[in-house]
Structure formats: C-alpha cells, structure tokens
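Colleague: What follows is a structure written as structure tokens; I'll ask about it next.
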Amino acid sequence: MNIKINKIQHIGIPVTNIERSEAFYQSLGFEDIMSSTFIHNNAEGKVKMMKSGDVIMEIYQMPEAELTEIRQRGNGHIDHVAFDVENIDETFETLKKANFTILEAEPVFLAFWKNGCKYFNIVGPDGERLEFNQIL
C-alpha cells in the first residue's frame, strides 16, 4: 500500500467556549488563520484553526446540545490527528480496499479554507481517530 502523508495537518481539540480557547491559544502565540461554522445534528457549531509556526490546532465548539458530553469529561483531550494528503479520493479508495475501518461513507466536504476541504477518518487499534484531509 502506498499512501503519501505529507505532514501532520492539524490536531483537533473539542472546546466548551471557543472565544476563551482562542484567547488562550493567542496568549501562546497562535493566530486565527481560519474561522467557520459547521452543522452537526441540525445545529451550528464553530471552528477555528489556530497556527503558530508549522503547528495548527483546530479548536471546535460543538452545538450547545452536544457540549454536555465534553463538559462531563473534566479533562481536555485530543480528538484526532489529521494528516495532509495530496489526493483525498485516492487515499480513501486505497484504505477502503485495504479493509481499514473508515468512519465516513465517502470523503466529506467542508466549506473551510478558501476553496473548502475534504476529509475522512479511520479508527486505529485502540479507537484513536486518524483523519486524512486535503485542503482544496
């Protein structure tokens, strides 16, 4: 199998207050390079990509109805690691043919960045989520 992973694209962290988290990351020298919203279970969530040097942290706030689970965890956690790939559709087909557990039926388009992006996730042996992402 030949999958070309360019680099870690971003690390995704669910937050309960995106404004507070943005201020925290800004205090560490990160800057907001992309802000958007997304729909999850018919409600709107918020996302920001915070960058410092070559590191991008994706902070996202789920819709209010989904925040209870995040608040109950107590401690923060990393939700996923995202790998940058050159061809999301080819990567998807390669991993599908190799019988990896893929969480999405096909790569998902999000209206993030200038021209959008497409992503999908696989599950690792301990349940970790690994995202493959192509910024279009």
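The values are calculated or read from the model by the stated rules, or taken from the named source; none is laboratory data. Worth saying up front: this structure is predicted, and the values here are computed from it rather than measured. In this analysis, Cβ positions are derived from the backbone assuming ideal geometry, glycine residues included, and neighbour counts consider all displayed protein chains.
Colleague: Tally time: how many residues in the range 14-56 are small (G, A, S), surrounded by 12 or more Cβ atoms within 10 Å (Cβ to Cβ) and outside any strand (DSSP E or B)? First the steps, then the outcome.
Modeller: The first filter runs over the range 14-56 and keeps only residues small (G, A, S), leaving 21, 23, 27, 29, 35-36, 43, 45, 52-53.
If we keep only those that are surrounded by 12 or more Cβ atoms within 10 Å (Cβ to Cβ) too, we end up with 21, 35-36, 43, 45, 52.
Keeping just the survivors that are outside any strand (DSSP E or B) gives 21.
Total satisfying the criteria: 1.
Residue-wise test of (1) of a type outside the set (A, V, I, L, M); (2) modelled with pLDDT under 95; (3) under 26 Å from V15 (Cβ atoms); (4) in contact with a helix residue (DSSP H, G or I) (Cβ under 7 Å, 6 or more places away or on another chain).
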position	(1), (2), (3), (4)
Q72	yes, yes, yes, no
G76	yes, yes, yes, no
D79	yes, yes, yes, no
N99	yes, yes, no, no
E104	yes, no, yes, no
V123	no, yes, yes, no
D126	yes, yes, yes, no
E131	yes, yes, yes, no
Q134	yes, no, yes, yes
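Colleague: Let me ask something else. When only residues in the range 111-134 that are assigned to a strand (DSSP E or B) and surrounded by fewer than 16 Cβ atoms within 10 Å (Cβ to Cβ) count, which is farthest from the chain's Cα centre (by Cα)? If you could, list the steps in order and put the result at the bottom.
Modeller: The initial filter retains those residues of the range 111-134 that are assigned to a strand (DSSP E or B), namely 117-123, 129-134.
So of that shortlist, the ones also surrounded by fewer than 16 Cβ atoms within 10 Å (Cβ to Cβ) come out as 123, 129.
Numbers: V123: 14, R129: 10 Å.
The selected residue is V123.
Colleague: Can I ask one more? How about the range 1-28: which of its residues are touching a strand residue (DSSP E or B) at 6+ places or on another chain (Cβ under 8 Å) and closer than 13 Å to M49 by Cα?
Modeller: The initial filter retains those residues of the range 1-28 that are touching a strand residue (DSSP E or B) at 6+ places or on another chain (Cβ under 8 Å), namely 3-18, 21-22, 25-26, 28.
Q9, H10, I11, G12, I13, P14, V15, I18, S21, E22, Y25, Q26, listed by residue number.
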